[in-house]
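> The structure that follows is given in the form of structure tokens.
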Amino acid sequence: MAVDRDTVAELQEFLYREALALDERRFRDWLALLTDDIRYEVPVRVTRESLAGWELSPTSRIFDDDRDTLEVRVRRLETDFAWAEQPPSRTRHFVTNVLADPGEHDDEFLVSSNCFLYRSRGDSPTPSFYSLARKDVVRRTAQGWRLARRWAAFDQSLINAHNLSIFV
């Protein structure tokens, strides 16, 4: 069953507003866009021989968060003790190729997208660039759209960063 155009447009706008909250470092607003049962997962990409059964680790994760751990990460960013974010990262999320399919429940949609992420820090003349594939579950609630699951995979297996304290 196809998802109607109006719903797809709403889901796209939701992802764009979510990205804007992250880029503007409005992490509390971003948390408000997540469900209480959120699962936020970023597997490790590995380099394997051709025809290998997988290239994303079935067990290793860069991030494997739930609501509680995401809130801890945000609380830490709000303090002077987030050493990895001193000075804070400046990010720009470019979300593209948004496609929506019906989810398991009537109020959920499976939303796939690509995300290109620009990150710069301090006075460094060298920014970081990341390309990711994302598969989200977005749920319609009484408060509006909410992100119930994010699965994102970096395209590169070697991430060019001293730390990865940003949200994808």
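> Nearest 20 debye, what's the magnitude of the dipole of the range 5-154 about its Cα centre given +1 on Lys and Arg Cβ and -1 on Asp and Glu Cβ?
Details: 24 positive and 27 negative charges, 99 e Å.
So the dipole magnitude of the range 5-154 works out to roughly 480 debye.
> I would also like to ask the following. Of Glu41, Glu104, Glu71, which has the largest mean-square fluctuation in a 10 Å C-alpha GNM of the chain?
Result for the chain, Cα springs under 10 Å: Glu104 fluctuates most.
> Using just the helices of the chain, give the 222 nm mean residue ellipticity in deg cm²/dmol: DSSP H runs with n ≥ 4 each add -39,500 (n - 2.57), and the total is spread over all residues, rounded to 500.
Using -39500 (n - 2.57) per qualifying helix, the result is -6500 deg cm²/dmol.
> Oh, and also: Within the range 1-42, whose backbone N sits under 15 Å from a point 7 Å along Cα→Cβ of Arg90?
In the range 1-42, the label zone of Arg90 (backbone N under 15 Å from the point 7 Å along Cα→Cβ) covers 23-25.
> Match the structure shown to one of the listed values [x] 1.00; [y] 0.97; [z] 1.21 of Rg/Rh (Cα atoms, Kirkwood Rh), computed from it, and give that label.
So the calculated entry is the one marked [y].
> Follow-up question, since we're still on this one. Work from the charge dipole of the chain (Cβ charges, +1 for Lys and Arg, -1 for Asp and Glu, about the Cα centre) and give the residue of Gln86, Gly144, Ile166 farthest towards its positive end.
Of the listed residues, the answer is Gln86.
> Shifting gears a bit: How far apart, in nm, are two points set 7 Å out from the Cα along the Cα-to-Cβ line at Arg48 and at Trp151?
1.5
> Given a Förster radius of 41 Å and the C-beta distance between Asp37 and Asn160 as r, what FRET efficiency does 1/(1 + (r/R0)^6) yield to the nearest 0.05?
Values: r = 33 Å, r/R0 = 0.81.
With R0 = 41 Å, the Cβ-Cβ based efficiency is 0.80.
> If you don't mind, another one. Contour minus end-to-end for His105 and Glu13, with contour as 0.36 nm per residue of separation and end-to-end as the Cα-Cα distance?
Numbers: separation 92, 0.36 × 92 = 33.12 nm, distance 2.11 nm.
Here the answer is 31.0 nm.
Just so you know, all these numbers are worked out from the coordinates, no wet-lab data involved. Here the structure is a predicted model, which means the values were calculated and not measured. Reconstructed Cβ throughout: ideal geometry from the backbone, glycine too, with neighbour counts over all protein chains shown.
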